Structure formats: structure tokens, C-alpha cells
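Following: one structure in C-alpha cells, then a few remarks.
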Amino acid sequence: MRSRDLIGCVLAAVLCSGGTALAQKSGGVLRMFHHDNPPSTSIHEEVTPSTVVPLMPVFNNLVLFDQAKAQNSEQSIVPDLAETWSWSDDGTELTFKLRKDVRWHDGRPFTANDVECTFNLLTSRGRDKLRRNPRATWYRNINYIHSSDSHEVTIYLNRPQPSLLSLLASGLSPIYPCHVTPNQMTTRPIGTGPFKFDSFVPYERIKLVRNPDYWKPDRPYLDGIEFTIVTSSQTALLSFIAGRFDMTFPWEVTVAQLRQTRRSKVVCETTSMNNSTNLLVNRNAAPFDNPDIRRALTLALDRKAFIAVLAEGEGEIGGSLQPQGDGLWGMPPEKLAAISGYGPDIEQNREEARALMAKAGYSRDKRMALKVATQGVSLYKNPAQILIDQLREIHIQATLDVVETSHWFTRLNRRDYSLAVNSTGNGVDDPDQAFYENYSCRSERNYNGYCNAEIERLFDIQSAESNFEKRRELVWDIDAKLLADGARPPIMWNRAATCWQPHVKGYVAPVNSTYNGFRLEDVWLDKP
């Protein structure tokens, strides 16, 4: 795993000075700032960390990525509501034996019926329906689910899918109660997790309290967690440095902002986050219905310049999957560099781009007019401004089209843009998640409507392969095809920092998922 940058000492429950083990302490409320107002409290209906981070402590999954390990992988999956699991010989049946000592926060017992109800929601087979189902493609291979008794349940698949277990271990895959309506879960969620939902005051705060009846002995350590919504990142960071908060929102501190923390005693860790800045191209309307114009766009990009300006060099160039190191599936640099538009000779790439633009009738004296859509927040707006500068090199005169955050996904879903700067956070470091969710024809999160039936057929082939090395070769071949086709051109893979006060212990920042690592049942406060 690639080494991570540390400011201060980072050890979960060990003294930095002498390596002496610290005894975990119970009590206290963890105070965090939150960067945005969650659209709802239902994880299954949302796509944003604004919901997942504060609500993950409320729930349990069948299985979970080990919260004490930074890199999520198949080997780091541990039991949660399921005590054990097993596959059938043909790889199409996954059976879970469930815990018998678990109760929902309202006192009702947890049973296999709740698991059935959850997957019926996610596969749209149940009586109740989700308002939105952004990860329906994760579960497209499920044929049906059946419980043999109140504490055993089997998922039946249409074909083998070894990575299903990794999808189920994500923070985006909690089990919901059968007796609570999906509508209630959007405002007053009921879970089985270490913390109970207490209150949510929109644009002000989210409050969780300790679950005294949690099935895991002596957990959680904290009495509660309070998230205060502070929309100004600079105000939030200064308040944190001053001691108002115990911890920042995950990955909320930019590389540039880290300088402000260096004179304080806070602990900061800069990591990968399985998040890319990329382009959404409306290929169904002019000018990007022309494949030459799409190719010219990809050739125009100087990705190293983006990384230098936006992250002071703290970023990575990669394909459709998180680069290797912190990620497991990314294409090797030499393979990536062999794809048109991803090689190191930027001027040669742009010469080719200008030739394609000339073929389409554009020149230095006759420039293409274009609007670049983006949200007003810095994660989107700053790279959009750099893009506009780079497009001038290939005879495109672009202007910024700033879209209100509340209208962003409506605009994307209507394809009401020509070119948009986007940020994609991946819930799992696995090709099934990335390919099906972002590139399959019917996915709700395929915002630019990319659809290639031939490539999508390859998704199923790699998904069924159980040998890691063979599967990775298949994945690299698919990635190369997506990049060559300009499906969702990546600009850079992002890194950012999470910071906490020295008295916060037990937190391990994940390096290959934007949506895992926030159960927080093992976090404690070392205060007098």
C-alpha cells in the first residue's frame, strides 16, 4: 500500500512516544463539523457522503469491511449481522447465518425477514418502493432471496458473482427494518447499529446517541456523536483548529488548507479517497455527437497541470478505476500511457486535437463556443476553470455555467448540458461497482447516458471470474475500451485530509472508498 502522509502521530490506541497500549475510555460526545445538509437520512436512496457519514453509525450490514484496516478488500471483510457465510459449489448461492441477539432501536427483534425486505426494496420486488434507487445495478444479478428460518437467509444469483460480498460490505449496504416504511427512513431512521438516531435539524445539526442495547459487548465507547453543519469550509476548519470540534468531516481538508493546521497540535492524515474528477460529455447532442470532437477533448487535457494547481501535486492520473497502490484494480501506468490522450507528450496530443478541430471547421480565428457546467463548490468549480483555460489550446472558447447544487442532478438527468465537470466517489473498490453503476445503460448514476452494449456484455464476463489475476486482466481491457471511447474522461484521482484532535483515538481513515470507515463504534476520547 502506498504510504500515507501524516502530520502528528497516527495510532489507533497506542501512545506515539513509547508504544504503550492505552486503555479505551467510555463516555463523551464526538463533535464533528459537516460540510453540507443531507438530502435525507436514508442511505439506500442517496449518493452522497453527506448522508452516509452521519448515518452509517446507525446501521449494521450483513458483513462489513474491517474498520481497523485502511485498505478495503475481500480479505478484510468481517462478520456483522451475519455470523458466518458460505457459497454453493457453483457460486450462485450465498447463505448467511444470522445473529440471534440483535434488536432494532425500537426494541423489535432482527430476523431474516428484515434481510429479505431490504433486498426486495433494492431489487424493486417488494410492496414498498424507494423514491430513488441509485445502486440498483449492484443487485441486478440477484434472482431472488429466501429465508429457510428466522436466522438463515440465502441470496440466489443468476450467475456467479464473487464480488457480491464486497458490495454487501460497503457502508452503502445497510440492512433496513421490515416494519418501518421507506418513507420514515428518510426522516426518522431505525437501525441496529451502535448509535441511535436522535434528531436532524436541517442546515443546523445531526445528533446520534449511544445504543445501550447494542449486540456487541462494550461498544460503542462514545455516548454520542454530534454533526454541526457548517457550509463554509474555511470557517469550519478555523473552528476545528480553535477546539470547537473534535474531528473534521472526512476528506474535507484540502492539501492547501493543511498549512493552517501545522502550528496546532491536531493530527491530520492525507489519503486517497477513491474519488475522481472527470468529465460528463453529452454525446447525444452537438457538438459532442461528433466523435472527432469528443476525441479532441480528451487529447486537450494536461492532467499533471490539474494536479499541480488543484492539489499541489497530491493527486494521481488514472483510468476508470482507482489507481494501484491504495486501489487494487487500476490500470498500470504503462498501459494507461499507451491509450490515446493519456501519454506524456501534451503538445503532441494537442496538435492532434487541433487537427481534429480543423476537420470539424474550427480554427484560431473560428473558435467553438461552449458552456462548461459545474457546481458552485470548489471541488467542481476550480477544475472547471482550469479546463476552460486548456480548451483554448484547441480552439474552444468556453465559459462557466455555474449550477445550484440543488438543481445539479436534475440538470444532469435531463442531459441539460454539453460538457460538465463532475466528481465521482466510489462506494467500493471493485469493478462491479464502478462499471455497472457508472457505465451501464440503465444505471441511475450513469449521468451522461453512455451506453455501449458490447462493452456492457464484458462487464458480466469479468464479474463472473473468480481468479483475481485473470479478472484484473479482463478489467484492464474493459477500462482501456471505456477510455478510448471517451465514456467519462477522468481528469485526476483526488487526495485530501481528515484531521482530528489528539484526544480522539481509534479512527482509521480508509484509502479506497468514499463511503466506508465511519461506523465509529471503536472510536474513543482520551480526555482527563
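A few points about this structure:
- Over the chain, accessible surface divided per residue gives 40 Å², non-protein components excluded, 1.4 Å probe.
- Loop-located trypsin sites (Lys or Arg not before Pro) across region 328-436 with a Cβ neighbour count of 14 or fewer within 10 Å are R364, K366, R414, with loop assigned by DSSP.
- Between A242 and A23, the FRET efficiency from the beta-carbon distance, with R0 = 30 Å, is close to 0.55.
- Region 343-380 and region 399-468: distance between their alpha carbon centers, rounded to Å: 23 Å
- Over the chain, dividing the summed -39,500 (n - 2.57) contributions of all DSSP H runs of at least 4 residues by the number of residues returns a 222 nm mean residue ellipticity of -7500 deg cm²/dmol.
- Note on Rg and Dmax of the Cα atoms in Å: of the candidates [x] 23.0, 81; [y] 27.6, 99; [z] 23.3, 74, the value calculated from this structure sits at [z].
- Computed extension length for H179-A337: 51.6 nm, one decimal, from 0.36 nm per residue of separation with the Cα-Cα distance subtracted.
- Accessible surface of the chain [probe 1.4 Å, protein heavy atoms]: carbon and sulfur percent: 48 percent
- Region 44-101: radius of gyration over Cα atoms, expressed as a fraction of 2.2 N^0.38 Å: 1.34
- The chain, relative contact order in percent, only Cα pairs under 8 angstrom and at least six apart counted: 23 percent
- Charged-residue dipole, Cβ positions (Lys, Arg, Asp, Glu), the chain about Cα centre, Debye nearest 20: 1280 debye
- Placing unit charges on each Cβ (+1 for Lys and Arg, -1 for Asp and Glu) gives the chain a dipole about its Cα centre, and among T111, L370, L130 the Cα reaching farthest toward its positive end belongs to L370.
- About the Cα centre, charge dipole magnitude for region 347-396 (Lys/Arg +1, Asp/Glu -1 at Cβ), debye: 240 debye
- E454 paired with K470, simple spin-label distance in nm, labels 7 Å along Cα-to-beta-carbon: 2.4 nm
- Cβ-derived FRET efficiency at R0 45 Å, S150 paired with Q324, nearest 0.05: 0.55
- Using a simple spin-label model with pseudo-atoms 7 Å out from Cα toward Cβ, K304 and R205 lie 4.9 nm apart.
- Over region 378-456, the ratio between the Cα radius of gyration and 2.2 N^0.38 Å evaluates to 1.26.
- Given +1 at the Cβ of Lys and Arg, -1 at the Cβ of Asp and Glu and no other charges, the dipole of region 136-292 around its Cα centre is 380 debye to the nearest 20.
- Once the Cα gyration tensor of region 398-528 is diagonalised, semi-axes √(5λ) in Å: 32, 24, 12
The values are calculated or read from the model by the stated rules, or taken from the named source; none is laboratory data. Because the structure is a prediction, the values reported are computed rather than measured. Backbone-built Cβ (ideal geometry, glycine too); neighbour counts: all protein chains shown. Just so you know, the surface numbers come from the protein's heavy atoms only, side chains and all, with ligands and any DNA or RNA stripped out. Shrake-Rupley method; radii C 1.70, N 1.55, O 1.52, S 1.80 Å.
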